[in-house]
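Notes to accompany the following structure.
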Amino acid sequence: MKLYGYFRSSAAYRVRIALGLKGVRYVPVSVDLVAGDQRDADYTSRNPLGLVPALEDDGRVLGQSLAIIEYLEERYPEPPLLPADAWARAQARSIAYAIACDTHPLNNLSVLNFLRDELGVDQAGRDAWYARWIDRSFKAIEAVLVAGPFAVGSQPTIADTCLVPQVFNARRFDIDLTPYPKITAVDAAMVALPAVAAAHPSRQTDAR
Ligand SMILES: N[C@@H](CCC(=O)N[C@@H](CS)C(=O)NCC(=O)O)C(=O)O
């Protein structure tokens, strides 16, 4: 199994966390997003979306981090990242989608570059843009986190695989996280797990 990713890609980071928690061995393949390698024919012939991550398994390639995590969940059910209880399972997906569908796409590299290069938005404007969408979703997620130590209870779920990279990203952009003590507590509980710590961007072979 190969994971095409990039050390700082938060979507790839989600999948690394899932692979780590499930103890699935894989070969990391770095796609340098800053150099634009995601647009090379070599990569787009595998993953036409031209985004990371992509998982290669048995010669087939799958894009989209949440689809990859659900595929891993079905192939490697233990430990589960989707709770057995239907309501808790829906809650976990709801938090994961709040990040993956409503936050990350607004703040990813190509959007920030478009704001800078095509719309002439300066650094302060881009920072305000980034903070706006983080605050909207973190406020909403903070309001629904109840149980702990993880997002929907005593075990990590797909929600936590999405939260940790988004918190990492928010810190990278100097977002004040003090209004979100439950989110930062979940993040702390997650990164204390060795499998999650090993997925950190700084521990990847392409980190710089
Ligand atoms: N919805 C996708 C998002 C993937 C995505 O946006 N990946 C970013 C890195 S986090 C990327 O490849 N960006 C390169 C680009 O925009 O050119 C997923 O969850 O896998």
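The values are calculated or read from the model by the stated rules, or taken from the named source; none is laboratory data. Predicted model only: the values in this text are computed from it and were never measured. Don't worry about glycine lacking a Cβ; one is built from the backbone with ideal geometry, like all the others, and counts go over all protein chains shown.
Quick look at the values:
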| quantity | calculated |
| --- | --- |
| Test: residue in region 122-131 that is basic (Lys, Arg), surrounded by fewer than 17 Cβ atoms within 10 Å (Cβ to Cβ) and not in a loop (DSSP other than H, G, I, E, B) | no |
| First in region 100-124 and under 30 Å from Asp160 (Cα atoms), second anywhere and assigned to a helix (DSSP H, G or I) and of a type in the set (A, V, I, L, M), Cβ under 6 Å, 6 or more apart | Ala100/Leu66 |
| Filter result (assigned to a helix (DSSP H, G or I) and over 23 Å from Asn169 (Cα atoms)) within region 73-121 | Glu73, Glu74, Arg75, Ala86, Trp87, Ala88, Arg89, Ala90 |
| So Ile69, is it in the same structural domain as Pro165 (by TED's automatic domain parsing), surrounded by 11 or more Cβ atoms within 10 Å (Cβ to Cβ), of a type in the set (A, V, I, L, M) and within 20 Å of Ala151 (Cβ to Cβ) | no |
